[in-house]
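Note sheet for the following structure.
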Amino acid sequence: MAEGIKDQVAIIGMGCTKFGERWDVGSEDLMIEAFQEALDDAGLEKKDIQAAWLGSGVGEVNVGKSALPLSFALKLPMIPVTKVENFCATGSEALRGAVYAVASGAYDICLAIGVEKLKDTGFGGLPDMPSIMGTKNRHIMPNITAPGGFAMMASAYFKKHGIAPKEGKEVLAMISAKSHKNGAKHPKAHLRKEITVEQIMKAPIIASPLGLFDCCGVSDGAAAAIVCRADMAKHFKKPDPVKIKSIQIALSSGEELMYDKWDGSHVITCRKGAKKAYEEAGVKNPREEINMLEVHDCFSITELAAYEDLGISAEGKASNDVRDGFYNLDGKIPCQPDGGLKCFGHPIGASGLRMLYEVYNQLLQRVGPERQIKNPSLGLTHNMGGFPAMNLVSIVIAGL
Amino acid sequence: MVGIVSYGAYIPKYRIDRKIIYKAIGWLNPATYLPGEKAVANFDEDSITMAVAAGIDCLSDIELDSIDSMFFATTTSPYKERLGAQIISTAFNLRDDIRTADFTDSPKAATTAMLSAIDAVKAGNTDKSLVCASDCRKVKPGGSQEQLFGEGAGSVLIGKEGSIANLVDSYSVSYDFTDHWRSEDDKFDRQWEDRFIRDAGYKKFIGEAISGVLKKCNLEPKDIAKVCYPSLYAGDHKSIARNLGFTPEQLQDSMVANVGYTGTGNSLMLLVAAFEDANPGDKIIVASFGSGSDALLFEVTEEINNIKGKRKGIKKHLELKRDLDNYAKMISFRNILPVEKGIRGEKIPFSALTEMWRSRKSILGLCGSKCKACGTIQFPIQRVCVNPDCGAVDKMEDCQLSNKKGTVLMFTGDNLAFTPNPPQVYCTLDFEGGGRSWFDMTDVDLENVSVGMSVEMSFRRKYLDEAFGVHGYFWKAIPSTE
């Protein structure tokens, strides 16, 4: 009987670039920037890395295919390097590869790095969705974009829970306002400006009911993690290392989109993935045990649904927690203490590792007094790819 | 007797008041103004999609497997080479072992197609033959064609049993008359002088054809309940009937005032309109115009009473309308006015034609699968059942969804996606009786969309890949027209 990987792997170094419209650098520069920080943080040299995983979600825009872009950029000494891609959860997938490789006993020290250079498309938003989902979907999927795919969930969520459009939009605006307040304080965030609920509600509509500030930015960036056998961590600079408690991922079976039992108001895979992750990590009551969240707030409605699907807010009641400030930086479970995708933007391959970067730094209590959560010991990242009707959700729980 | 066993029609929902056109561009040719409104195809409609819509109306209660030939008549097929009739037949899920053909190059093609279908049935080579006719014409801004022409489609099913109107006889005249023409590389029609078209062609040919069929049948104009033919010139439309000896009441309304002259689809649309008011025993003449004229004389049977009220036809489609208050929108829909699409809009993903081929039943035919083990209906066609409690493999049968109503589960209006008619509205919907998927919505205003609303499916152009010359078709959801 498999027992999971709890506490077998430690994170000993992380790096994250400044996220934003990095017109003057390419994906190679971003990878070098994130890697060097992680290497310095771990106190290692490049030759210590035994195997690496590269995550890039839309390589056709800039990075390219295969793992060669990473081994070339870092001049890795002909070690095993694997490229992974799993939509917007690609960064977490790179981490899963590195962590599992260490947990399996195949290697002692591995690298996971995620990168995306989105601002080479020439237009706002992500590249065309139907065309990146295979030749058949190109013919039968609607003319859908990422905000539209999630906006549909808002229509079903509001309808199911009897929330009036204006009331719903206000709750969503409060979620974004909270993230902007946090992101404004993070030097590596892309969008560093506090905005009011009123400004958010008045912003132009991108996909109804979501306005401009309900949507995360589109950015360039990279993030990296170096992981090792937990029992080795004491040999490095981390006597009390951050350890991986669980990594789980759940993918849609087509049931949401093709079978008629899903009501459209929540994300089934998140519920399934979270349940398994809590089991693996030994979390009995997430609302009491988890100290911080980094969720995949590609859109405000995604964050609202995640509060419930992660089992932290009761179904249909997340708006009460939002209004109570439960997820604020000074609340019971701060969510997006770094500003989230909302403020960092979403370089697809990097986001999952960027979330973990914040959890890691918060757990090590080194983010500075403005944003530091008091004595956190367990953090969770929620990294989602696809649309609510067709998606995958990756959950990582890390703790001391 | 061979005759028409079913009929259908389609008029696109958009109507533009001709004053709006005249206000925008009437300064160019001040004599072009016509009263009334005209029907304008949405940006995602063309002669093929409208032919499908008319055919759906015609086939609403017809056993599809009984059809063994399908003819499409148009002068504006989106493809110079690729059989329009076969795209249409695939959309209807007609059998593969049937005969299909396009009749084209003159608006007369509709009646010629109908006569060919009648001949095929008479000869015993085919039991039922479907004819769909439509046009979606690009016209130069500021000309009289822009005022006159409207869009629409008509459809008839030819057969022997259960005919609602038997063909008594027909008479054709054919001439190489170049009233208008379009050479291989022309985007727009060219047209000779109106006086020539009117006096040497329009009035003459229609008159010849109608008097020819009357003579063949030994009938007088007074024996005819309704005479139908296109109106290219309002005054002459009336005078043709008068000169032949018909009273104004016998002349079928031309629909120029509320739809426009619809080209190849026109004669079938006028015939459908005449059937809607016909009684058993009525004799109806329909004549076309273009490189001559075909006149067909039908006698209505008792069966007409069984079809009335079961087709949207002309009457219901005239009621189903939305105002188009914008001339620029009208000409951008026809790709006459190039608009800024942005890089996102310009970047049309490559279409694998191999995929279009192997998935044609799902894409063009909107066929899903019904699991024989658990009954779950699923789209697109699947091999492994999606029901998590079933999962049966290869226990599927095809299940057509295009004729099913649906209910909106979730929706949005998207301003980020490029569409020629923003916002891009789309939804996830549940089909009545089972099956769920997501679809673009069209012919709808976002403010009228809600969770739980009733929708139906409409065959539309999904994309136009100008670099590769591919018109991609699929189905979209439209508000229920019931």
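Coordinate-derived values only; no laboratory data. Only a predicted model underlies this, so the values are computations on that prediction, with no experimental measurement involved. A quick note on method: Cβ atoms are made from the backbone with ideal geometry, for glycine too, and the neighbour counts reach across all protein chains shown.
Side notes on the structure shown:
- Simple spin-label estimate for residue B:27 and residue A:108 in nanometres, 7 Å along Cα-Cβ: 8.3
- In percent, rounded to a whole number, the relative contact order of segment A:1-85 is 29, using alpha-carbon pairs under 8 Å and six or more apart.
- Global geometry of segment A:147-294, whether rounded, prolate or oblate, following the gyration tensor of its Cα atoms and the 1.5 cut on a/c: oblate
- Normalised by the number of residues in segment B:3-333, the mean separation of alpha-carbon contacts (under 8 Å, six or more apart) gives a relative contact order of 27 percent.
- Principal-axis tilt of helix B:266-276 within chain B, Cα atoms, nearest 10 degrees: 90
- The mean sequence distance of close C-alpha pairs (under 8 Å, at least 6 residues apart), as a share of the length of chain A, puts its relative contact order at 25 percent.
- Helix A:300-309 vs. chain A, principal-axis angle (Cα, 0 to 90°, nearest 10): 80
- Put simply, when A:82-88, A:259-265, A:23-29 are sorted by average Cβ atoms within 10 angstrom per residue, most first, you get A:82-88, A:259-265, A:23-29.
- Listed by chain and number, the aspartates and glutamates whose C-alpha is less than 17 Å from the C-alpha of residue A:245, apart from same-chain residues fewer than 8 away, are A:3, A:7, A:93, A:231, A:279, A:280, A:288, A:289, A:294, A:358.
- What separates the Cα centres of segment B:159-236 and segment B:315-343 is a distance of 30 Å.
- Evaluated at q = 0.06, 0.13, 0.15 Å⁻¹, a Debye calculation over the C-alpha positions of segment B:3-333 (equal weights, vacuum) places log10 I(q)/I(0) at -0.18, -0.91, -1.24.
- Cβ-placed point charges (K, R +1; D, E -1), dipole of the protein assembly as shown about Cα centre in debye, nearest 20: 940
- Computed over the alpha-carbon pairs of the protein assembly as shown, the distance histogram in 10 Å steps reads 2, 12, 20, 19, 15, 11, 9, 6, 3, 1, 0, 0 percent, short to long.
- Charge sum, other residues only, whose C-beta stays under 14 Å from residue B:150's C-beta, Lys/Arg counted +1 and Asp/Glu -1: +1
- Cα shape, segment A:65-104, gyration tensor, a/c 1.5 rule: oblate
- Projecting the Cα atoms of B:165, B:345, B:470 onto the dipole axis of chain B, where Lys and Arg carry +1 and Asp and Glu carry -1 at the beta carbon, places B:345 farthest toward the positive end.
- Table column - 3J(HN,Hα) (Hz), segment B:94-104, Karplus curve with 6.51, -1.76, 1.60, x for Gly and Pro: 6, 4, 7, 8, 10, 9, 10, 7, 9, 10, 8
- Using alpha-carbon coordinates, inclination of helix A:146-160 to the longest axis of chain A, degrees: 50
- Reach of residue B:187 by Cα under 20 Å, taken over lysines that are not fewer than 8 positions away in the same chain: B:80, B:138, B:140, B:329
- The protein assembly as shown, helix-only ellipticity at 222 nm - DSSP H runs n ≥ 4, -39,500 (n - 2.57), divided by all residues, nearest 500: -8500 deg cm²/dmol
- For segment B:389-482: rounded, prolate or oblate by the Cα gyration tensor [a/c cutoff 1.5]: oblate
- Of all lysines in the structure, those lying under 20 Å Cα to Cα from residue A:18, and not within fewer than 8 positions of it along the same chain, are A:117, A:119, A:181, A:185, A:188, A:193, A:342.
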